[in-house]
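A short write-up of the structure that comes next.
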Amino acid sequence: MQLLDISYSLDTIDVAAGRFWEVAKDFRIITFSGDLGAGKTTFISSLCNHLHVEDAVSSPTFALINQYGFAADGGEDVIFHLDWYRLRDTSEAINAGMEDCLDQARAGAAYCFVEWPEKAQDLLRSPYLAVFISTTGPEDRSMIVNQV
Ligand SMILES: Nc1ncnc2c1ncn2[C@@H]1O[C@H](COP(=O)(O)OP(=O)(O)OP(=O)(O)O)[C@@H](O)[C@H]1O
Ligand SMILES: [Mg+2]
């Protein structure tokens, strides 16, 4: 089911992140799809800014897992920012600790923001939120958000 369809530029990305969170906040697992350089990390960074994340947000390209803390309604909460681009398959993802992160999210103890979910799609099961970002101009992006 489609929950959101928005367009934004770098100038309006913070407004987009706020609107996004209104529909996304009940989902503990959120995947971000889009070509290389589409803006997955940039949007997650803006979203983390919106959530007043205390840590520096960067692409987990080499570490594969970044962990951030933020103050949520119910107290301290955790975001796992996962990048599956360099993973070959599901078993590599499990060995890298991805399933542990997802399990924590399913238990309500963390959020998982996943870039390149296609690399280990088998680890994902309903309910989660699937975000698709596409480039429509040098600084223009469109985003579709589906509930899965
Ligand atoms: N509206 C926009 N939203 C996001 N990024 C934008 C936008 N306009 C321009 N950009 C630029 O596009 C680039 C997006 O890079 P980013 O690392 O976020 O992409 P990515 O989808 O995470 O790529 P990768 O697949 O390598 O992880 C940045 O240089 C950013 O400044
Ligand atoms: Mg990225």
Legend entry - Of all residues in segment 55-78 being in contact with a Cys (Cβ under 7 Å, 6 or more places away or on another chain) and surrounded by 18 or more Cβ atoms within 10 Å (Cβ to Cβ), the one that is nearest to residue 124 (Cα to Cα): 68
Legend entry - Check on residue 103, surrounded by fewer than 18 Cβ atoms within 10 Å (Cβ to Cβ) and more than 15 Å from ligand 1 (Cβ to nearest atom): yes
Inset, instruction - Restricting attention to segment 20-49, report how many residues are within 14 Å of ligand 1 (Cβ to nearest atom) and not β-branched (Val, Ile, Thr). - result: 16
Inset, instruction - Output the number of the condition that residue 115 fails; it satisfies all remaining conditions of (1) open to solvent by less than 50 Å² (accessible area, probe 1.4 Å); (2) away from ligand 2 (no atom under 16 Å from the Cβ); (3) among the charged types (D, E, K, R); (4) in contact with a helix residue (DSSP H, G or I) (Cβ under 9 Å, 6 or more places away or on another chain). - result: (2)
Legend entry - Among the candidates 134, 91, 126, residue that is within 20 Å of residue 59 (Cα to Cα), among the hydroxyl-bearing types (Ser, Thr, Tyr) and either more than 13 Å from the chain's Cα centre (by Cα) or open to solvent by 50 Å² or more (accessible area, probe 1.4 Å) (or both): 134
Inset, instruction - Write out, first by first residue and then by second, each pair whose Cβ atoms fall under 6 Å of each other, whose residues are 6+ apart or on separate chains, and whose first residue, in segment 47-75, is under 24 Å from residue 99 (Cα atoms) while the second is of a type in the set (Val, Ile, Thr) and surrounded by 18 or more Cβ atoms within 10 Å (Cβ to Cβ). - result: 48/57; 59/41; 68/53; 68/79; 70/53
Inset, instruction - Report, ordered by the first and then the second residue, all pairs with beta carbons closer than 8 Å, sequence separation of six or more or different chains, a first member in segment 80-91 that is within 11 Å of ligand 1 (Cβ to nearest atom), and a second member that is in a strand (DSSP E or B) and of a type in the set (Ser, Thr, Tyr). - result: 81/68
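The values are calculated or read from the model by the stated rules, or taken from the named source; none is laboratory data. Nothing here was measured: the structure is a model prediction, and the numbers come from that model. Cβ: placed from backbone, ideal geometry, glycine included. Neighbour counts: every protein chain shown. Heavy atoms of the whole protein, side chains included, go into the accessibility calculation; ligands, DNA and RNA do not. Shrake-Rupley method; radii C 1.70, N 1.55, O 1.52, S 1.80 Å.
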